[in-house]
């Protein structure tokens with residue numbers, strides 16, 4: 001895969017009251033075409049600052065960013081706009097434009113002084129809307145769109161701009177679960193089908209794990225760990241994302257979970273089905289029970305409606321917890 005973007009010894013940060021705050025220090029990374037990469041980190045870790053630095057809208061404190069081998073520092077604004085598209089978290093103020101007009105703005109770096117679209121530009125706009133599944137809304141005003149449709153329109157604009165690199169800051173913010181999945185699947189297809197290098201920041205860990213080819217983990221202290229998604233999951237590095245003992249990363253579910261205090265009442269859980277075992281354990285731990293092989297009360301889960309607590313039959317997890325209260 002072709003390396004489209006290189007980050008060479010970059011430190012990123014901002015200045016407040018003449019004091020430099022470094023959020024990413026002396027980092028070397030790269031993005032390759034055909035890959036979707038997710039940038040994960042805690043709130044305030046510096047994800048947006050890093051993305052703005054990579055996009056060229058904010059100067060690095062040190063180091064350089066290269067796109068297709070050329071430094072951003074040597075590019076004009078028009079040259080940069082042909083290479084990198086940055087989609088920020090700011091809601092678009094283009095509510096008075098139609099979707100087609102908004103997507104057409106992506107052609108500005110390629111048009112003449114007056115910015116008029118010719119037949120070739122209009123064809124590219126149509127193809128971009130078709131690629132993201134928003135063609136049927138072409139004549140709708142942006143203000144009339146749902147949050148998910150508006151995000152698709154912004155992605156279509158990025159596609160119409162025909163940049164090899166697309167950067168997105170929290171593209172699934174404000175979206176419901178189905179819309180988040182649609183947007184991430186769309187970005188994955190664009191990376192794979194069109195050979196683009198796509199980097200997005202996200203708080204949706206489980207969705208990022210399922211659809212990202214690689215992860216950039218922005219750890220406390222400004223260190224970024226880069227790796228294949230599955231390698232980083234199994235290495236235990238995701239547990240380093242948060243400086244908190246109240247959450248832990250569950251490798252089996254791909255989710256961050258609350259660390260519950262150890263229960264004083266012990267239960268021996270017998271269950272052969274992994275999904276049933278997971279949810280039975282979830283209910284027991286949340287309710288203050290320690291789960292192990294040598295528990296004082298045996299709980300046997302055959303199905304969600306066939307549960308035995310010390311020989312007492314139950315037809316639900318709620319019934320299981322009620323029976324345990326009686327037993328203890």
(Q) Counting only helical runs of four or more DSSP H residues, what would the 222 nm mean residue ellipticity of the chain come to if each run contributes -39,500 (n - 2.57) and the total is spread over all its residues? (A) -9500 deg cm²/dmol
Q: Grab the beta carbon distance between residue 235 and residue 2, set R0 = 25 Å, and tell me the FRET efficiency rounded to 0.05.
A: 0.40
Q. Between region 271-328 and region 207-235, what is the C-alpha centre distance in whole Å?
A. 35
Q) Which stretch or stretches of region 96-129 have amide N atoms under 18 Å from the point lying 7 Å from residue 143's Cα along the Cα→Cβ direction? A) 96-103
Q) Which of the peptides 129-136, 142-149 is most tightly packed, and how do the rest follow, judged by the mean count of other Cβ atoms within 10 Å per residue? A) 129-136, 142-149
Q: Between residue 281 and residue 9, with labels modelled 7 Å along Cα→Cβ, what's the label distance in nm to one decimal, could you check?
A: 4.7
Q. Going by alpha carbons, how many degrees (0 to 90, nearest 10) lie between the helix axis of 119-132 and the longest principal axis of the chain?
A. 0
Q. What is the packing order of peptides 289-299, 166-176, taking the mean over residues of other C-beta atoms within 10 Å and listing the highest first?
A. 166-176, 289-299
Q: With a point put 7 Å past each Cα toward its Cβ, work out how far residue 74 is from residue 203 in nm, to one decimal.
A: 4.1
Q) If you take the beta carbon distance between residue 313 and residue 177 as r and set R0 to 35 Å, what does 1/(1 + (r/R0)^6) give as a FRET efficiency, to the nearest 0.05? A) 0.50
Q | Between helix 147-160 and the chain: long-axis angle, C-alpha atoms, 0 to 90°, nearest 10 | A | 40
Q) How many angstrom lie between the C-alpha centres of region 102-144 and region 8-81? A) 28
Q. For Rg and Dmax of the Cα atoms in Å, the listed values are [x] 18.0, 57; [y] 19.1, 61; [z] 24.6, 82; which was obtained by calculation from the structure presented?
A. [z]
Q) Looking at the square roots a ≥ b ≥ c of the eigenvalues of the Cα gyration tensor of region 265-327, which shape do they give, rounded for a/c under 1.5, prolate if a/b is larger than b/c, or oblate? A) rounded
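Throughout, read-outs are computed from the coordinates displayed, never taken from laboratory work. Bear in mind that the values here come from a model prediction, so they are computed numbers and not experimental data. Quick reminder, even Gly has a Cβ in these numbers, built from the backbone with ideal geometry, and neighbours come from all protein chains shown.
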